[in-house]
Amino acid sequence: MTEIWKVNRLYEGKAKVVFATEDQDLLLIHYKDSATAFDGKKKGVIEGKGVVNAEMSAVFFTLLRDAGVPNHFERLLNPGEMLVKRVKIVTFEVVVRNVVAGSLSNRLGLPEGTRLDSPVLEFYHKSDELGDPMINEYHIRALGLATMVELEEIARLAMKTNEVMRGFLNPRGIDLVDFKLEFGRYRGDIILGDEISPDTCRFWDTNSGERLDKDRFRRDLGGVEEAYREVLRRVAS
């Protein structure tokens with residue numbers, strides 16, 4: 001297998017560092033242990049999170065690719081480092097919700113844990129300065145963030161991702177409450193990017209309702225590292 005060399009650092013965010021490589025078509029992502037919440041107002045470190053999130057994302061990306069959801073994953077490199085296709089990320093995030101939790105509870109006045117009759121798809125404009133406001137299809141088209149054809153493909157892939165992941169997680173005793181996705185353009189096509197981990201998903205234990213995700217950090221519930229490792233143990237087995 002060809003050895004991959006970092007060339008230069010392109011970007012450092014809250015949870016990842018992105019490097020260019022000698023191959024112009026490929027990027028290297030280093031997953032960090034640092035954690036933030038509430039638009040960066042709360043900061044901390046979750047020991048081992050980078051390695052766990054990289055390995056878990058690899059499991060999910062492989063699962064989704066095999067189910068017909070194209071994504072940027074190529075392979076894992078060193079612990080906590082992933083080789084990916086170079087995509088141009090669209091500037092809105094996609095959230096899929098199956099159960100009421102977090103901000104949806106506040107917006108709808110429903111208690112957390114209320115099951116939705118069908119999945120809900122939401123879009124959020126990627127803007128730290130504005131706090132990632134919710135937008136709709138009309139905003140996306142008016143701002144030129146995506147074409148109608150791209151938006152339909154993003155929605156289709158998001159719902160397919162939800163279907164595949166729920167089918168995979170249910171037998172493993174994990175309820176997929178909601179999750180955030182990011183998509184990008186690669187050689188003219190829309191594909192899935194970013195990561196899929198307890199940082200970007202709400203995972204609840206099916207039997208106990210215990211939270212196995214970043215909410216443990218957000219809400220000072222303790223046992224954060226243990227929860228992340230437990231999800232990885234279940235999905236990797």
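The values are calculated or read from the model by the stated rules, or taken from the named source; none is laboratory data. This structure is a prediction, so every number in the text was calculated from the model and none was measured. Here Cβ is always computed from backbone atoms with ideal geometry, including for glycine, and neighbour counts include all displayed protein chains.
If the requirement is being free of Cβ contacts under 8 Å to residues at least 12 places away in the same chain, out of contact with any Gly (no Cβ under 9 Å at 6 or more places or on another chain) and of a type in the set (A, V, I, L, M), which of these qualifies: Leu108, Leu64, Leu76, Leu104?
Details: Leu64 fails: free of Cβ contacts under 8 Å to residues at least 12 places away in the same chain; Leu76 fails: free of Cβ contacts under 8 Å to residues at least 12 places away in the same chain; Leu104 fails: free of Cβ contacts under 8 Å to residues at least 12 places away in the same chain.
It is Leu108.
Got at least one residue in segment 166-174 being within 17 Å of Glu93 (Cβ to Cβ), modelled with pLDDT of 95 or more and not assigned by TED's automatic domain parsing to the domain that holds Pro70? Quick ask: steps written out before the conclusion?
Quick first cut of segment 166-174, residues within 17 Å of Glu93 (Cβ to Cβ) only: none.
No: zero hits.
I need the full set of residues from segment 202-233 which are touching a strand residue (DSSP E or B) at 6+ places or on another chain (Cβ under 6 Å) and part of a helix (DSSP H, G or I), in order please. Selection gives Phe217, Arg218, Val231.
Can you go through Ile196, Ile154 and tell me which one is surrounded by 21 or more Cβ atoms within 10 Å (Cβ to Cβ), touching a strand residue (DSSP E or B) at 6+ places or on another chain (Cβ under 9 Å) and over 28 Å from Ile46 (Cα atoms)? Just a single option satisfies the conditions, and that option is Ile154.
When each of Leu145, Leu130 is tested for being more than 18 Å from the chain's Cα centre (by Cα), in contact (Cβ under 8 Å) with a residue 24 or more places away in the chain and surrounded by fewer than 19 Cβ atoms within 10 Å (Cβ to Cβ), the lone residue that passes is Leu145.
The number of residues in segment 2-19 being farther than 22 Å from Gly222 by Cα and either touching a residue at least 40 places away in the same chain (Cβ under 8 Å) or in contact with a helix residue (DSSP H, G or I) (Cβ under 9 Å, 6 or more places away or on another chain) (or both) comes to 2. Could we say that Lys14 is outside any helix (DSSP H, G or I), modelled with pLDDT under 95 and either within 14 Å of the chain's Cα centre (by Cα) or not assigned by TED's automatic domain parsing to the domain that holds Pro79 (or both) here? Yes, satisfied. Can you say whether Gly44 is surrounded by fewer than 18 Cβ atoms within 10 Å (Cβ to Cβ) and in a strand (DSSP E or B), as far as the supplied structure shows? When the stated conditions are applied, Gly44 passes them.
Looking at segment 68-91, can you tell me whether even one residue there is closer than 21 Å to Tyr228 by Cα, polar (S, T, N, Q) and touching a strand residue (DSSP E or B) at 6+ places or on another chain (Cβ under 7 Å)? Within segment 68-91, none of the residues are closer than 21 Å to Tyr228 by Cα, polar (S, T, N, Q) and touching a strand residue (DSSP E or B) at 6+ places or on another chain (Cβ under 7 Å). Restricting Phe217, Phe183, Phe203 to residues that are over 8 Å from the mean Cα position of the chain (by Cα), within 15 Å of Val84 (Cα to Cα), touching a residue at least 12 places away in the same chain (Cβ under 8 Å) and buried (at least 23 other Cβ atoms within 10 Å of the Cβ) narrows the list to Phe183. Among the residues of segment 89-140, those identified as β-branched (Val, Ile, Thr), under 24 Å from Phe203 (Cβ atoms) and assigned to a loop (DSSP other than H, G, I, E, B) are Val100, Thr114. Scoring Glu55 on the criteria (1) acidic (Asp, Glu); (2) loosely packed, with under 15 Cβ neighbours inside 10 Å; (3) in contact with a Pro (Cβ under 9 Å, 6 or more places away or on another chain) leaves a single failure, condition (2).
Look through Leu83, Leu63, Leu27 and report the one residue that is crowded, with 17+ Cβ neighbours inside 10 Å and either small (Gly, Ala, Ser) or assigned to a helix (DSSP H, G or I) (or both). The unique qualifying residue is Leu63.
Here Leu77 meets the list (1) within 15 Å of the chain's Cα centre (by Cα); (2) at pLDDT below 95 almost entirely, failing just condition (1). Condition check: without any contact (Cβ under 8 Å) to a residue 40 or more places away in the chain, of a type in the set (Ser, Thr, Tyr) and in contact with a Pro (Cβ under 7 Å, 6 or more places away or on another chain). Does Ser34 satisfy that? No: the conditions fail for Ser34.
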